[in-house]
Amino acid sequence: MSEYSDDTESEQNDSRRSASEDAPPTKASRRTFMKAAGAAAGSAAMGASAEQVAARTGVNVEKYLRDLTLEQKVAQMTQVAVSSFDPEPDEPNVPDSFGVDTVGAYFSELGVGSILSGGAKPPSFDGDAVVKGINALQEYNLENAPHDIPFLWGVDATHGNGLLEGATSLPQRLNMGAARDVDLVKEAEKHTAESTAAMGAHWTFAPTTDLQRDPRWGRFYEGISEDPLIEGEVSRARVEALESADRLTSTVKHFAGYSIPNNGNDRAPADTSLRDLRTNVLPPYRSALDAGPGTVMVNSGAVNGKPAHASSWLLTRVLREAYGFEGVIISDYDDIHRLMTNHDYAPDFREATKEVINAGVDMYMIGNGGDAPGPVEFIETVVDLVRGGEIKRKRIDDAVRRILALKADLGLFDRPTVDESRLSETLGGARETSERLAKESLVLLKNEGDVLPLSGSEDVLLTGPGVDGNGNNTRPLMQHGGWTLGWQGPSGGGPFPRQTLVADELRDRFSSVTHVPTSFDNERWWSGDQTDANGNFDFTDEQERNVRSAAPDSDAVVVVLGEGPHNEGFGDRDDLELDDAQRELLSVVNEETGDDTPVVGVMLAGSPLGSPETHDALDALLFAGQPGSDGGVAIADTLVGAYNPSGKLAFSWPRNVGTVPVQYDRAPPTSTGGSDNTALYEFGHGLSYADFEYGNASVSPGSVSDPSKQSSATVRVDVTNAGNVAGDHVVEVYNTQSYGSVLQPKRRLLGFERVSLDAGETKRVEVDLYLSALEVVPDDVLALRPKVVEAGDYELTVGRDGPKATLSVERTGSVTDSPLTPGRSRVGNGRGSGTKGLGNVFTRFRTGLNSE
Ligand code: BGC
């Protein structure tokens, strides 16, 4: 891998030069520059030359590079976890393996470049304590470190600033996808940016840009969609928003292919094809990168037999050269060490470190668990590798230059600390936006006999673990999910983010609510008795007696079902069934209610749960995902019709676990023989209390002569609300038939638009199509050639089976060719391979990358 590193470096210098040609002449902040240059120029801006950084920020990065010792440089490449704000406690507060005793020594003895306050678990959940704590540590750092370089404080503000008591926990990522409202997500994430920056953090490890493919995986809820277009467009908007606040940068993660573990387990290897990678997996990251994130985090797993952290193909060839990313590449948590422990790939820490740094990682995220090598060992190892000539000094200088440029661009040299009064103005804010997003993200999966909406005059039996009240205050947990005041979500008993609760809100809307709690115990992750159901559920004899006594007299039953908050490996599941206690509850409710008593399910979960039989036990089912702080209001308003549901599934809901993965845009055949491996609820499914009808669809232009010159088209369609109530409707346009040189999916989404319509109203709606979604790799099995939209006729269909139009593409051409791609191809010059034939293969390979 290192035989190519000289080429790599000179090409990076070339792109830095070209970026500096576009730089504004006067000193301006990175924000000003990005605004002026447009978001697409963002990543180039992040990697600007040292002169440009100096002109923009007044910080002479090159001087630092001259003055710092090698040890101090590598310390800048070190991010180390803290769990305390006290730099000099009486008792040691860092792991034994770290080589120092106190948090303060990270600065005074090592001069580390960054702090990890990860797992959505700061040393305190009290906002005031956090902002003061970060400021005080920064002051300690500047007074005691061997240099005057401020640290970067990194957090996981992944769905709102869900780190502090009283904060707004935005709907989780799977909800963001269901809402199909890119502008609203952006508005919501601007609040995240303001609130996280006001807290004193400089960096959030968001957005997660991994496609949603496998619901067995414990991080399924962190994906926005299984569809690359939705995943990419929402991620792009999130980067724009997260980068919009002064003093905060974002992270596109986990590059690349983290979400397709071969057995559904966290950090298991991904086995995929180059075709799938290039057509589906990589494009969302690429869209997000266009918005100029300061950093990228690496996939903790492996792709086709290569750990991503050791993959110079992924990190250098694709990310740096083909995509032109010039910001900081950070490892995931302990992932140098994990090359030994998880992947069994490297024999020792030295070898693992060499691979990772040479592959392109600029900063190592060191966690605070177990006896993993700490900052001292990391720094010593890298220094030794440099002195031994196994890592080039230039590799270190490039990494440190990027890290210092990021700090300079964030203004940290000028103003290392924040105004402590600002946090209270923003903490818990954006209520309207968060409530609207929660509402738009709810998906009505079934509504037999139009039992919903309820009128409000019913006597309601409310039960199920999602509204549990069994004394340990676990009721709110299901609605927030992981990365909310804790890695695995909040703890029973709190503290909690700002929140509205389903039970409270339903009591406000119905004349009578009888609440029979069932048990849900969330205290399990550290005890070792983890269950596949992501929570320990029970339906006691007494609870059963209470349900049997209340159900027959009820006009309607609302059962709040689901799973507990979970995260990473702890959330992995082998089946997608609801646990026994919840199934038992449903059958008891059905036994005790007649046909005219609606049984309404609300599901709070980060994954699709329940077999077809379970769903049959419900007359209506509202999938609420993990709607966050405003979930209670959103659910209650929807059940009584004060809000008309409009969300659409952004993933395909499998019939059973054996059919996974079942994503809608896979190649045909999608169902074979006697087995029904179609989805139980299709991608794009979502009911409303109104009916929407389409008419007069047309596409303009109807014919595209060259997709490399014209990358979009517009479908116009009349949409009528034929129902009796107002509502939002998401108009989607799919390509549903086309022929080319490789398999075409039966359906692929090209564009979507949310529209609001009064009862009886008709609007002509314009849906902009992304022709990039039609790109294929037109090659045989190897899939090395440039991606193109192939010439031919493309049938377009509005919605599931609405009106059709045909888009003709006259000439084959590429849409996503990158202007940031270095023009020369030096790979395969024979040095590494030694054979002309292989060189040719690499040259073609490289050409193929240009069109990612
Ligand atoms: C996760 C990352 C996260 C990091 C810091 C890791 O375990 O994979 O997504 O940003 O922890 O908390």
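The values are calculated or read from the model by the stated rules, or taken from the named source; none is laboratory data. Model, not experiment: these values are computed from the prediction. Don't worry about glycine lacking a Cβ; one is built from the backbone with ideal geometry, like all the others, and counts go over all protein chains shown. Ligands, DNA and RNA are stripped out before the accessible areas are found, and what is left, the full protein with its side chains, is counted by its heavy atoms. Shrake-Rupley method; radii C 1.70, N 1.55, O 1.52, S 1.80 Å.
Restricting attention to the range 420-430, and to residues there that are in contact (Cβ under 8 Å) with a residue 40 or more places away in the chain and in a loop (DSSP other than H, G, I, E, B), which single residue is nearest to residue 128 (Cα to Cα)?
By that ranking, first place goes to 420.
Step by step: first the residues of the range 103-121, then only those that are under 25 Å from the mean Cα position of the chain (by Cα) and open to solvent by 10 Å² or more (accessible area, probe 1.4 Å), then the one that is nearest to the ligand (Cβ to nearest atom). Which residue is that?
The extreme case among them is 118.
Does any residue of the range 138-147 turn out to be within 16 Å of the ligand (Cβ to nearest atom), in the same structural domain as residue 209 (by TED's automatic domain parsing) and either open to solvent by 10 Å² or more (accessible area, probe 1.4 Å) or among the basic types (Lys, Arg) (or both)?
No, the conditions are met nowhere in the range 138-147.
Being assigned to a helix (DSSP H, G or I) and either buried (at least 24 other Cβ atoms within 10 Å of the Cβ) or within 15 Å of the ligand (Cβ to nearest atom) (or both) narrows it down to one residue among 224, 230; which is it? Walk me through it before giving the result.
Values: 224 fails: assigned to a helix (DSSP H, G or I).
Exactly one of 224, 230 is assigned to a helix (DSSP H, G or I) and either buried (at least 24 other Cβ atoms within 10 Å of the Cβ) or within 15 Å of the ligand (Cβ to nearest atom) (or both), namely 230.
So that you can scan it fast, the table gives a plain yes or no per residue for (1) closer than 22 Å to residue 317 by Cα; (2) modelled with pLDDT of 95 or more:
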residue	(1), (2)
360	yes, yes
363	yes, yes
372	no, no
377	no, yes
381	no, yes
384	no, yes
389	no, yes
399	yes, yes
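Which ones in the range 234-255 are over 12 Å from the mean Cα position of the chain (by Cα) and part of a loop (DSSP other than H, G, I, E, B)?
Hits for the range 234-255 are 243, 244, 245, 246, 247, 248.
In this structure, is residue 161 within 23 Å of residue 406 (Cα to Cα), open to solvent by 20 Å² or more (accessible area, probe 1.4 Å), touching a helix residue (DSSP H, G or I) at 6+ places or on another chain (Cβ under 7 Å) and in contact (Cβ under 8 Å) with a residue 12 or more places away in the chain? Before the answer, list the steps.
Details: within 23 Å of residue 406 (Cα to Cα): yes; open to solvent by 20 Å² or more (accessible area, probe 1.4 Å): no; touching a helix residue (DSSP H, G or I) at 6+ places or on another chain (Cβ under 7 Å): yes; in contact (Cβ under 8 Å) with a residue 12 or more places away in the chain: yes.
Answer is no for this residue.
If I filter the range 442-465 for residues that are more than 16 Å from the ligand (Cβ to nearest atom), basic (Lys, Arg), touching a Lys or Arg at 6+ places or on another chain (Cβ under 9 Å) and within 29 Å of residue 222 (Cβ to Cβ), do I get at least one hit?
No.
Are any residues in the range 628-649 more than 22 Å from residue 684 (Cα to Cα) and open to solvent by 10 Å² or more (accessible area, probe 1.4 Å), and if so, which ones?
633, 637, 640, 642
State yes or no: is residue 335 assigned to a loop (DSSP other than H, G, I, E, B), in contact with a helix residue (DSSP H, G or I) (Cβ under 8 Å, 6 or more places away or on another chain), at pLDDT 95 or above and charged (D, E, K, R)? Please lay out each step first, then the result.
Values: assigned to a loop (DSSP other than H, G, I, E, B): yes; in contact with a helix residue (DSSP H, G or I) (Cβ under 8 Å, 6 or more places away or on another chain): yes; at pLDDT 95 or above: yes; charged (D, E, K, R): yes.
Taking the combined requirement at face value, the residue satisfies it.
Do the conditions hold for residue 249, that is, is it touching a helix residue (DSSP H, G or I) at 6+ places or on another chain (Cβ under 8 Å), among the β-branched types (Val, Ile, Thr) and open to solvent by 10 Å² or more (accessible area, probe 1.4 Å)?
Details: touching a helix residue (DSSP H, G or I) at 6+ places or on another chain (Cβ under 8 Å): yes; among the β-branched types (Val, Ile, Thr): yes; open to solvent by 10 Å² or more (accessible area, probe 1.4 Å): no.
So residue 249 does not fit the description; no.
Keeping to the range 262-283, report how many residues are under 16 Å from residue 344 (Cβ atoms) and within 14 Å of the ligand (Cβ to nearest atom).
Matching residues across the range 262-283 total 3.
This table checks each residue for (1) among the polar types (S, T, N, Q); (2) in contact with a Pro (Cβ under 8 Å, 6 or more places away or on another chain).
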residue: 273; (1), (2): yes, no
residue: 301; (1), (2): no, yes
residue: 306; (1), (2): no, no
residue: 311; (1), (2): yes, no
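One line per residue, one yes/no per condition, for (1) more than 16 Å from the ligand (Cβ to nearest atom); (2) open to solvent by 30 Å² or more (accessible area, probe 1.4 Å); (3) not in a loop (DSSP other than H, G, I, E, B):
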site: 368; (1), (2), (3): no, yes, no
site: 372; (1), (2), (3): no, no, no
site: 380; (1), (2), (3): yes, yes, yes
site: 389; (1), (2), (3): yes, yes, no
site: 397; (1), (2), (3): yes, yes, yes
site: 405; (1), (2), (3): yes, no, yes
site: 411; (1), (2), (3): yes, no, no
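Applying the selection to the range 584-600, what residues are open to solvent by less than 50 Å² (accessible area, probe 1.4 Å) and in contact with a strand residue (DSSP E or B) (Cβ under 8 Å, 6 or more places away or on another chain)?
585, 586, 589, 593, 597, 598, 599, 600
Being open to solvent by less than 10 Å² (accessible area, probe 1.4 Å), more than 24 Å from residue 725 (Cβ to Cβ) and among the hydrophobic types (A, V, I, L, M, F, W, C) is the filter here; which residues of the range 788-805 pass it?
Within the range 788-805, 789, 796 meet the criteria.
If residue 451 passes every condition in (1) open to solvent by 20 Å² or more (accessible area, probe 1.4 Å); (2) aliphatic (A, V, I, L, M); (3) modelled with pLDDT under 95 but one, which one does it miss?
Result: residue 451 passes all but (3).
When you go through (1) within 16 Å of the ligand (Cβ to nearest atom); (2) over 27 Å from residue 408 (Cα atoms) one by one for residue 161, which number turns out not to apply?
Result: residue 161 passes all but (2).
What tally of residues in the range 608-637 results from selecting those that are hydroxyl-bearing (Ser, Thr, Tyr) and touching a Lys or Arg at 6+ places or on another chain (Cβ under 7 Å)?
Number of matching residues: 2.
Please find, among 133, 177, the residue that is closer than 30 Å to residue 752 by Cβ and more than 16 Å from the ligand (Cβ to nearest atom). Write out each step before concluding.
Details: 133 fails: closer than 30 Å to residue 752 by Cβ.
Of the residues listed, the single one that is closer than 30 Å to residue 752 by Cβ and more than 16 Å from the ligand (Cβ to nearest atom) is 177.
Does the range 748-787 hold any residues that are part of a loop (DSSP other than H, G, I, E, B), open to solvent by 40 Å² or more (accessible area, probe 1.4 Å) and of a type outside the set (A, V, I, L, M), and which are they?
Passing the criteria: 758, 760, 761, 780, 785, 786.
Specify the residue that is most open to solvent (accessible area, probe 1.4 Å); the eligible residues are those in the range 292-335 that are of a type in the set (D, E, K, R) and more than 12 Å from the ligand (Cβ to nearest atom). Even if it seems obvious, please write down each step before you answer.
Filtering the range 292-335 for residues of a type in the set (D, E, K, R) gives 306, 317, 320-321, 326, 332, 334-335.
Pick out the ones that are also more than 12 Å from the ligand (Cβ to nearest atom) and you get 306, 317, 320-321, 326.
Values: 306: 70, 317: 27, 320: 13, 321: 6, 326: 8 Å².
The extreme case among them is 306.
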